[in-house]
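Enquirer: Below you will find the structure I want to go over with you.
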Protein chains: 4
Amino acid sequence: MTQAPILVITTGGTIDKQYFDALSEYQIVESVIGKLLATARVAHPFRVVELLRKDSLELTDEDRALIAATVAGAPESHVVITHGTDTMTDTAAVLAPIAGKTVVMCGAMQPARFAESDAAFNLGMAFGCCQSAAPGIWITMSGTVFDALKVCKDREAGKFVAR
Amino acid sequence: MTQAPILVITTGGTIDKQYFDALSEYQIVESVIGKLLATARVAHPFRVVELLRKDSLELTDEDRALIAATVAGAPESHVVITHGTDTMTDTAAVLAPIAGKTVVMCGAMQPARFAESDAAFNLGMAFGCCQSAAPGIWITMSGTVFDALKVCKDREAGKFVAR
Amino acid sequence: MTQAPILVITTGGTIDKQYFDALSEYQIVESVIGKLLATARVAHPFRVVELLRKDSLELTDEDRALIAATVAGAPESHVVITHGTDTMTDTAAVLAPIAGKTVVMCGAMQPARFAESDAAFNLGMAFGCCQSAAPGIWITMSGTVFDALKVCKDREAGKFVAR
Amino acid sequence: MTQAPILVITTGGTIDKQYFDALSEYQIVESVIGKLLATARVAHPFRVVELLRKDSLELTDEDRALIAATVAGAPESHVVITHGTDTMTDTAAVLAPIAGKTVVMCGAMQPARFAESDAAFNLGMAFGCCQSAAPGIWITMSGTVFDALKVCKDREAGKFVAR
């Protein structure tokens, strides 16, 4: 319940996908997270770092090491990470050794630019969890706060489930 | 971090306001909370009770007693309450004696039916906080998880601030 | 079907209503028309004049004279006017004597700032009609291009109907 | 300016694209046109025929013949066709011989399911043009009513331009 500042790290994923007519395809572009936080009228102190712009299927070991180093090296002890959903748990495993920080990962099944997206709700869950939960790695998707090491994505069902 | 079901109680407030052309004014209508949870693809077990449809300035002592009785009498130990922002803290004070439950109140500064509203994010925060925080009464507004007994609304600034 | 520039005059009305929490009411604010045209990727030459910011029930004879003078004095022969729906036809009657210009009036039953509003469609109709119709005063509401002197608003039904 | 009913034929295109997380890609799905018309509170008589669900780059000669036959055989003399933008003008050329009907084609550069899309405006333009223009084939894109045989898409610039 602290007013301690929150570090928001964006890494890409569906949440930041935009559609490009000239290409007839989507691409991950500049993050929409700042706009989501403005629309939500967030007055809580926070800092956004756009670290990567990748589909999570394309994240490398080096990328995950960079994310971990950014979390570990940041002055903030409360961290929210937006991330593609397909390998979110893989990155969580790499973050697990980090002690003393509450890290919450989230993403979206529908791009935030859609009229009907789960992005704002999921990001809100991450902000709520981040300030309330014990240190550790959490994932806020599908309406649930999951232990990030005990969850998996059910790709067919389009949701995260405890395992 | 339990998968324990969440009780969502709606009481009205700006979050559920709709515009009526024939009246040239806003009115609180059937709650949009169910739609927000569907858009957020919430798979977590929850139950919605539409208890009241009032601007929070019009809530009576009887209304607050009803809200408290509903929370206290519910089988769920995790509760989210959507509420008008102007007297949210008054209702929180009435709920304070309830022991052993994590109750999170939220609302919105812009109706959820607006294209740019803080509703989905605030409701997401409440879901995240509700599953992570210790028993007590919390308010998730303006991006912060507040102790509901130590916060007030700054009407001019349009945000909640710790006091 | 000319590429002749379009003059867009905004006068207020529901289409431009915004909700203000601090007042617990809506007010007509800076017009959202420019944003609607940008979202619609309008490349056609146009010019926006924010002439009035009034609920159409509050428009005076002087206001209508001002609107008529603005239309008559403009270099553009194709004009779109956004206007509150309650007295749109009264203003149309004042504009009727203007010869040689295609003037299309429209508004919205739901504020453009709502996620589900008729604003963008109605404005699109006005742009389409304005470039296709003969000189005269037209109203594009409820999906129909009406002769502005042969239509009335059915307030109960929430739509415009030919009379 | 008739109240004559409008036939709306949907053929697919970007306007009806939806994002599928399980596939990490967009696909054209059930048309959103009915929802757009409902949101626009269209009271004008219309009928929607979902004829095809294709990216316009995949339309065959047989598809275009089917579209032309549907237009020619319909009882309605006012027709709106939603269509992918890349080959809209090719289909227009096939429709050109149809006499005595006002046919308006439109589409979108951003899927209608996005919060910020040109879909509703373009569809509104088509409805407005369809009721106002002389018989012939028109395209309503980029804010302009174009003669469908004298326009091309500038893919790089993301807009339609007269030629």
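The values are calculated or read from the model by the stated rules, or taken from the named source; none is laboratory data. As the structure is a prediction and not an experimental result, all values here were calculated from the model. Here Cβ is always computed from backbone atoms with ideal geometry, including for glycine, and neighbour counts include all displayed protein chains. We work out accessible area using only protein heavy atoms, side chains counted, and drop any ligands, DNA or RNA first. Shrake-Rupley method; radii C 1.70, N 1.55, O 1.52, S 1.80 Å.
Enquirer: Please work out which residue is nearest to the chain's Cα centre (by Cα), limiting yourself to the stretch A:73-92 and to residues that are assigned to a helix (DSSP H, G or I) and closer than 15 Å to residue A:126 by Cβ.
Expert: In the first step, residues of the stretch A:73-92 are kept if they are assigned to a helix (DSSP H, G or I); the result is A:73, A:88-92.
This time we only want the ones that are closer than 15 Å to residue A:126 by Cβ, so: A:88, A:91-92.
On the way: A:88: 8, A:91: 11, A:92: 10 Å.
Filtering the stretch A:73-92 for residues that are assigned to a helix (DSSP H, G or I) and closer than 15 Å to residue A:126 by Cβ, the one nearest to the chain's Cα centre (by Cα) comes out as A:88.
Enquirer: Let me ask something additional. If I go through the stretch A:13-72 residue by residue, how many of them are part of a loop (DSSP other than H, G, I, E, B) and open to solvent by 60 Å² or more (accessible area, probe 1.4 Å)?
Expert: Residues flagged as part of a loop (DSSP other than H, G, I, E, B) and open to solvent by 60 Å² or more (accessible area, probe 1.4 Å) within the stretch A:13-72 amount to 3.
Enquirer: Just name the residue that is nearest to the other protein chains (Cβ to nearest Cβ) out of those in the stretch A:80-90 that are surrounded by fewer than 24 Cβ atoms within 10 Å (Cβ to Cβ) and of a type outside the set (Asp, Glu).
Expert: A:87
Enquirer: Now for a different question. Does the stretch B:105-113 contain any residue that is of a type outside the set (Val, Ile, Thr), part of a strand (DSSP E or B) and under 16 Å from the mean Cα position of the chain (by Cα)?
Expert: As a first pass, look at the stretch B:105-113 and keep what is of a type outside the set (Val, Ile, Thr): B:105-113.
Okay, now just the ones that are also part of a strand (DSSP E or B), so B:105-106.
So of that shortlist, the ones also under 16 Å from the mean Cα position of the chain (by Cα) come out as B:105-106.
Yes.
Enquirer: Here's something else I'd like to know. I'd like to know if the stretch A:26-45 contains one or more residues that are within 30 Å of residue D:153 (Cβ to Cβ), away from chain B (no Cβ under 14 Å) and among the basic types (Lys, Arg).
Expert: no
Enquirer: Suppose we keep only residues that are more than 11 Å from chain A (Cβ to nearest Cβ) and surrounded by fewer than 24 Cβ atoms within 10 Å (Cβ to Cβ) within the stretch B:94-104. Which one would you say is nearest to the chain's Cα centre (by Cα)?
Expert: B:95
Enquirer: Right, next: Residues that are of a type outside the set (Gly, Ala, Ser), touching a strand residue (DSSP E or B) at 6+ places or on another chain (Cβ under 9 Å) and within 14 Å of chain C (Cβ to nearest Cβ): does the stretch D:68-78 have at least one?
Expert: Checking the stretch D:68-78: at least one residue is of a type outside the set (Gly, Ala, Ser), touching a strand residue (DSSP E or B) at 6+ places or on another chain (Cβ under 9 Å) and within 14 Å of chain C (Cβ to nearest Cβ).
Enquirer: Can you run down the residue pairs with Cβ atoms below 8 Å, 6 or more apart or on separate chains, where the first is in the stretch D:29-41 and touching a residue at least 24 places away in the same chain (Cβ under 8 Å) and the partner is surrounded by fewer than 22 Cβ atoms within 10 Å (Cβ to Cβ) and not charged (D, E, K, R)?
Expert: So the pair list comes out as D:29/D:18; D:31/D:48; D:33/D:48; D:37/D:46; D:37/D:48.
Enquirer: Then there is this: So which residues in the stretch B:131-149 are at the interface with another protein chain (Cβ under 8 Å from one of its Cβ atoms), under 30 Å from residue C:116 (Cβ atoms) and not polar (S, T, N, Q), if there are any at all?
Expert: Correct list: B:143 only.
Enquirer: Is it fair to say residue C:152 is touching a strand residue (DSSP E or B) at 6+ places or on another chain (Cβ under 7 Å), closer than 26 Å to residue D:115 by Cβ and either away from chain D (no Cβ under 14 Å) or not acidic (Asp, Glu) (or both)?
Expert: no
Enquirer: Then there's this: For the stretch B:111-122, state whether one or more residues are acidic (Asp, Glu), in contact with a Lys or Arg (Cβ under 8 Å, 6 or more places away or on another chain) and away from chain A (no Cβ under 13 Å).
Expert: The answer is no, given that none of the residues of the stretch B:111-122 is acidic (Asp, Glu), in contact with a Lys or Arg (Cβ under 8 Å, 6 or more places away or on another chain) and away from chain A (no Cβ under 13 Å).
Enquirer: Sticking with this one: In the stretch D:2-12, what count of residues is obtained for those that are open to solvent by 20 Å² or more (accessible area, probe 1.4 Å) and not small (Gly, Ala, Ser)? Quick ask: steps written out before the conclusion?
Expert: Step one: of the stretch D:2-12, the residues open to solvent by 20 Å² or more (accessible area, probe 1.4 Å) are D:2-5.
Still in the running and not small (Gly, Ala, Ser): D:2-3, D:5.
Counting residues in the stretch D:2-12 that are open to solvent by 20 Å² or more (accessible area, probe 1.4 Å) and not small (Gly, Ala, Ser) gives 3.
Enquirer: Sticking with this one: Inside the stretch A:119-151, can you point out the residues that are within 15 Å of residue B:122 (Cβ to Cβ), free of Cβ contacts under 8 Å to residues at least 60 places away in the same chain and either in a loop (DSSP other than H, G, I, E, B) or open to solvent by 10 Å² or more (accessible area, probe 1.4 Å) (or both)?
Expert: Residue satisfying the conditions is A:143 alone.
Enquirer: For the stretch C:7-25, give me the residue count where each residue is under 30 Å from residue B:56 (Cβ atoms), within 18 Å of the chain's Cα centre (by Cα) and more than 14 Å from chain D (Cβ to nearest Cβ).
Expert: Residues in the stretch C:7-25 being under 30 Å from residue B:56 (Cβ atoms), within 18 Å of the chain's Cα centre (by Cα) and more than 14 Å from chain D (Cβ to nearest Cβ): 5 in total.
Enquirer: While we're here: Would you say residue B:63 is at pLDDT 95 or above and more than 30 Å from residue A:148 (Cα to Cα)?
Expert: yes
Enquirer: Residue A:157 is checked against (1) surrounded by fewer than 20 Cβ atoms within 10 Å (Cβ to Cβ); (2) out of contact with any strand residue (DSSP E or B) (no Cβ under 9 Å at 6 or more places or on another chain); (3) in contact (Cβ under 8 Å) with a residue 12 or more places away in the chain and fails just one. What number does that condition carry?
Expert: (3)
Enquirer: Among (1) within 9 Å of chain B (Cβ to nearest Cβ); (2) assigned to a loop (DSSP other than H, G, I, E, B); (3) among the aliphatic types (A, V, I, L, M), there is one condition residue A:4 misses while meeting the rest; what is its number?
Expert: Every condition holds for residue A:4 apart from (1).
Enquirer: Yes or no: residue C:113 basic (Lys, Arg), touching a residue at least 40 places away in the same chain (Cβ under 8 Å) and surrounded by fewer than 24 Cβ atoms within 10 Å (Cβ to Cβ)?
Expert: no
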